[in-house]
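Only one structure is covered here, and it is reproduced in the block below.
The values are calculated or read from the model by the stated rules, or taken from the named source; none is laboratory data. What you see is a predicted model; the values in this text were computed from it and never measured. Counting neighbours? That spans all protein chains shown, and the Cβs are built from the backbone with ideal geometry, glycine included.
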Amino acid sequence: MKPKIKAVLYVLICVALWALIPVVSKLGQANLDNHQFLFWSSAVSFLAFIVTTAITKRTKVFLSYRPTDWLKAIALGFLGTYLYYILLYFGYANAQGLEVLVLQYSWPIFIVILSVFILKEKLTFARVMSILLGFAGVFLILTKGNFNGIHFENYSIDILVLVAAFVFGLFSVLSKKVQLEAYTMITVYFLTATVASFFSMLYFSEFSLPTTDAIIPILVNGLFVNGFSYIFWIKALKGAKASFVAPFIFLIPMLSAFYLIVFFGEKLLPIYGLGLLAVILGGMLNKEK
């Protein structure tokens, strides 16, 4: 199978898993706040990866890490598995959810922009149109066609959400440059997130055990949504240009809407079809050169 086709398959797996975020977040935060939920999810992700590295006999790879390798993995872990989520959760806690969602999905745009400067990838007209159509589709799906329902009034918080989107875009582009074994690298990512979220939980909140109802959502989130999905994301970035992979992310809100319809009985709106059409048209323009 060609690397580009593998990259598409990997990113589509990420789309399917990341689209579950609204579901697991809604179910998993029954008695936990954002800081507590992030800590428990990160801890599950770390344990899953440390067990996986042991079972697959990759633990010896850690011995080959140079000090600079540890610093790179810790820094990237802080960016992509802690700082991104803590800023995003702060946005959801203090601003209108809809405006945060729209701003959140600017991170594929940041990937394309940063890939030009950091990875020296070419920015073609077709790719720009692909990104714009994809974002337009996301905007239609998230607003459900009611453009009056969104107001960007919390400027300081909106800026922090944009910073979060920029952070994940930067994390994705830099992860493509780092040449470390994927499983051990992501183990360090989630170790960093677990430690960082533990201290931020103690500072901004308090230690709390999840209820029985929250355990399954936390496990699903920790193992798959924010866990092994990172393996597929890194593999997708390694297999194709970052600017080629990024527009596929715009499928997430459409699939999230489908999940919410299935799990919570939300309405299927005609505007979703128009949003999906925009995303598909953007995808058709998104060709690897």
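Considered as a group, the residues in segment 174-204 that are crowded, with 22+ Cβ neighbours inside 10 Å and small (Gly, Ala, Ser) include one that is farthest from the chain's Cα centre (by Cα), and that residue is SER197.
Residue-by-condition table, conditions (1) out of contact with any helix residue (DSSP H, G or I) (no Cβ under 6 Å at 6 or more places or on another chain); (2) surrounded by fewer than 20 Cβ atoms within 10 Å (Cβ to Cβ):
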residue	(1), (2)
ILE5	yes, yes
LEU9	yes, yes
LEU12	yes, yes
LEU27	no, yes
ALA43	no, yes
PHE46	no, no
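So which of LEU88, LEU123, LEU71, LEU133 is of a type in the set (A, V, I, L, M, F, W, C), surrounded by fewer than 16 Cβ atoms within 10 Å (Cβ to Cβ) and part of a helix (DSSP H, G or I)? After ruling out the rest, the residue left standing is LEU71. Could you please give the count of residues in segment 17-34 that are closer than 14 Å to TYR230 by Cβ and either modelled with pLDDT of 95 or more or in contact with a Leu (Cβ under 9 Å, 6 or more places away or on another chain) (or both)? Count: 1.
You will find that of PHE258, PHE248, the residue that is touching a Gly at 6+ places or on another chain (Cβ under 8 Å), of a type in the set (A, V, I, L, M, F, W, C) and either in contact (Cβ under 8 Å) with a residue 12 or more places away in the chain or over 19 Å from GLY80 (Cβ atoms) (or both) is PHE248 and no other. Tell me whether segment 35-49 contains one or more residues that are farther than 29 Å from PRO108 by Cβ, part of a helix (DSSP H, G or I) and modelled with pLDDT of 95 or more. Checking segment 35-49: at least one residue is farther than 29 Å from PRO108 by Cβ, part of a helix (DSSP H, G or I) and modelled with pLDDT of 95 or more.
Of the candidates PHE117, PHE78, PHE152, PHE147, the single residue that is modelled with pLDDT of 80 or more and surrounded by fewer than 16 Cβ atoms within 10 Å (Cβ to Cβ) is PHE117.
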